[in-house]
Structures are given as structure tokens and as C-alpha cells.
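Since the structure comes first, as C-alpha cells, the remarks are kept for the end.
Derivation of every value follows stated rules applied to the coordinates shown; laboratory data play no part. Computed from a predicted structure; not experimentally measured. For neighbour counting, all protein chains shown are included, and Cβ atoms are generated from backbone atoms with ideal geometry for every residue, glycine included.
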Amino acid sequence: MPDFLNSIKRDFIHAARSLSKDRVFTLVCVLSLGIGMGALVALAIFGRVMIAPGAGINTDGLVEVLVLPEGPLRAKAGGWALEQWSYPDYRALREADTGMAVSGWVRESAEFGSRVAGETEMRRVDTLYVSANYFSTFGVTLAKGPGFDPAIDDAPTGEPRVVLGEAFWRLQMNSDSDVVGKSIMLDGVLHTVVGVAPEGFRGHFHRFTAPGSVVFVPLERHSRLKPSSNVRDDRSMDWIHIHARLNPGVDIKRADALVATIVSGLSKQYPSTNEFKAAAVQPYASLGAAQQRLIQHLFFEALLLAIVAAAISGFVLFGIPAPLRAGITARRCPMSSTSMR
């Protein structure tokens, strides 16, 4: 057997003998090692949970389009990227050649049902106002119904329609198998049900942030986009999130370049609102692409701490220097002067 293997074997035997003589010391060593290794395992599991995609979506080719603040806007932003766009900027990106199918969405809530006598507050339900291609963008196939029609539901005069989340359909509609074509009241307006989302899909969000029950309404039905509103042309109000799916043959680098060119043109055309706005196309992240760098930074810091803890634990258990081990052994097994003689 090679000398270094013999050395390792002797160290292990010596460590085992030393530990067997002092149960308290052994317990401390085992607990230290357990804490260090447990931290690594827990961190690995936590990391996987934090980056897990939203339930039921297809992440292949799925991206998010972010605003990159520059100059004075960057100083106010408080982060490297912003998630929200103005409505006219969203429309400009959607109608341009970006190499992607662009989808917009806003998360809010709506009053559900009719007011009952004596009630002071209406029931509210989490509501995602989405462009008609939202489900296809995220690779979701509805469990029931045709869903939204882009020709109708992406138009300013679109009729009130709704796709029910599976939990809402099950809990509020008693799992009605004939629900498509019926109506529910949202914000005092009857909305025709045109679909039911698949089980488990509660929007594209991370499981920590996804609503328990949700309905989906066409973005064009949002109260800010009423005919009398000027928000359709207001580039100073950023409130719409943009996700997209890359077209076949288009990679993220190409899409990023196309979007950057479009946004650069908008900054020159509308300097009062867009001068300090650039753009970036980033891979989909369930907690938001703008937060991904922060999450990665925190994860690596925690990983470093866990590695240090594991290293210290291993040192305590197996890496005690020989002189120190000898000192410990001598203190544990003192030899009397008689025995020495």
C-alpha cells in the first residue's frame, strides 16, 4: 500500500481511537460535521427551489424583456433593470420585428360577484390582465375552452371575456363541466368564460408568489385602457410587464440586438420620456429576471459560508494536527510517575 494511503489509514485509526475515549468531544465533532454538511445539503435544496419555474409552463425559448435605466434614471431606479414598460412602448415592441412573440401582462385584483345586501366589501379575486397570446407564450394548453381570440381580445373594443384558473373553477364554480360560455361578474361587468386553465397553473409565477386562485382577463379590458383614458399614448407611465417566446431559429442574442435597436429608436423619437431607457432580453426567471442577479449573489454568499462551515467541521473531526492530537491524548490519558519508572 502506498505511503500516503498508510498515512491516511493511520490518521483515521488514531482519530477513531481518540474520539472513542472522549464521548463529549466525539459528540461535538459529529454535530459540527453534521451542521456543516447539513448546511450544504439544505442550501442545494433551497437553490433548486428558488430557481424552479412556474408550474405548467414551457421555459424553452421563454424570455423577459427588461428596461435598462441609464444616466439619471439609473440613479433613481435602485436596480440594474426595471420590469415595467409603458403601454405605447409595449405596443411598439409587439408590432416590431423582435424575433419573438411578445406578450404583456399586469397583475391586480377585481371584485367578484354581485354585492349582497349588508356587505360592506366585495369579494376580490387575483386577476391577471394578459394579452391574448399569453397562454401560448408560456406554452400552456387550456384544459377547457378556446381561450382568447387575438383578433378580438387584443382590440380596444374587445368584449369582456375571462379564462378561469383551475382552483377558481373548482372552488367558485363547483367544477362545472359546462362552464365555457357562461358568465361571471367582475368589477360589475359580466364576463363570458372562454376557457379554464390546466390544474396547477396559477400564472407564470414562482410557487412562493403565485396566487392561490386567479382569473385571466384580456389586457385591453384593463380600466386604464378605457376609451376616455390617455394612457394608451402615455410613455411616462410604466406598468406593463413583457415576456416573450423566441421564434424558431432566433437565439436570445439576436432578439436582444433587435430589441435594443428598437428601444434606441424610441429614445431618439421620444427623448422626454425614453432618453435614458435601453433594453435587454433575459432568460425567464420565475422570480423575475430583474431579481436574478441579486438571488445569485445571495446564493453564492450563502454557499461560501456553508463551504467554510463544512471545512471547519471537517478540520475539527479529521484534520487536528498531530502535535495537538498528541496533546489531547496526553491530557486524556496522563501517565503517572510510577508507570514511567
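Amide hydrogen proximity for VAL214: with H placed 1.01 Å from N in the peptide plane, the residues at 5 or more positions away or on another chain lying under 5 Å are GLY165, ALA167, PHE168. Note: relative contact order over the range 62-294, using C-alpha pairs below 8 Å and six or more positions apart, is 33 percent.
Which order do TRP239, TRP105 fall in if you start with the one that has the fewest other Cβ atoms within 10 Å? Show your work: numbers first, answer last.
On the way: TRP239 16, TRP105 20.
Taking fewest neighbouring Cβ atoms as first place, the list is TRP239, TRP105.
Whole-Hz Karplus values for the range 100-113 come out as 9, 8, 8, 10, x, 7, 9, 9, 8, 9, 9, 6, 10, x Hz, taken residue by residue from phi with 6.51 cos²θ - 1.76 cosθ + 1.60 and θ = phi - 60°; glycine and proline positions read x. Relative to the 2.2 N^0.38 Å rule of thumb, the range 145-188 has a C-alpha radius of gyration ratio of 1.26. A simple spin-label model places the labels of GLU199 and SER109 2.8 nm from each other, with each point 7 Å out along Cα-to-Cβ. For LYS144, the aspartates and glutamates whose Cα comes closer than 14 Å to its Cα, not counting residues fewer than 8 places off in the same chain, are GLU166, ASP176, ASP178, GLU199.
In plain terms, the residue of GLU83, GLU166 with the fewest other Cβ atoms within 10 Å comes first and the most crowded comes last, giving GLU83, GLU166. Near ARG161, the amide H atoms lying under 5 Å from its own belong to THR192; only residues 5 or more places off or on other chains count, and H is placed 1.01 Å from N. In a fully extended conformation the segment linking MET122 and PHE208 would gain 28.4 nm over its present Cα-Cα distance, using 0.36 nm per residue.
Counting neighbouring beta carbons within 10 Å and listing from fewest to most, the residues TYR270, TYR129 come out as TYR270, TYR129.
Report the net charge of residues surrounding LEU82, where surrounding means a beta-carbon distance below 12 angstrom and charges are Lys +1, Arg +1, Asp -1, Glu -1.
Net charge around LEU82: -2.
Which whole-angstrom value gives the distance between the alpha carbon centres of the range 245-280 and the range 128-158? Each part's Cα centre sits 24 Å from the other's.
Using every pair of separate Cα atoms, the Kirkwood estimate puts the hydrodynamic radius of the range 62-294 at 18.7 angstrom. For LYS277, the lysines whose Cα comes closer than 20 Å to its Cα, not counting residues fewer than 8 places off in the same chain, are LYS76, LYS253, LYS268.
For GLN291 and PHE12, a Förster radius of 56 Å and the Cβ-Cβ distance give a FRET efficiency of 0.75, rounded to the nearest 0.05.
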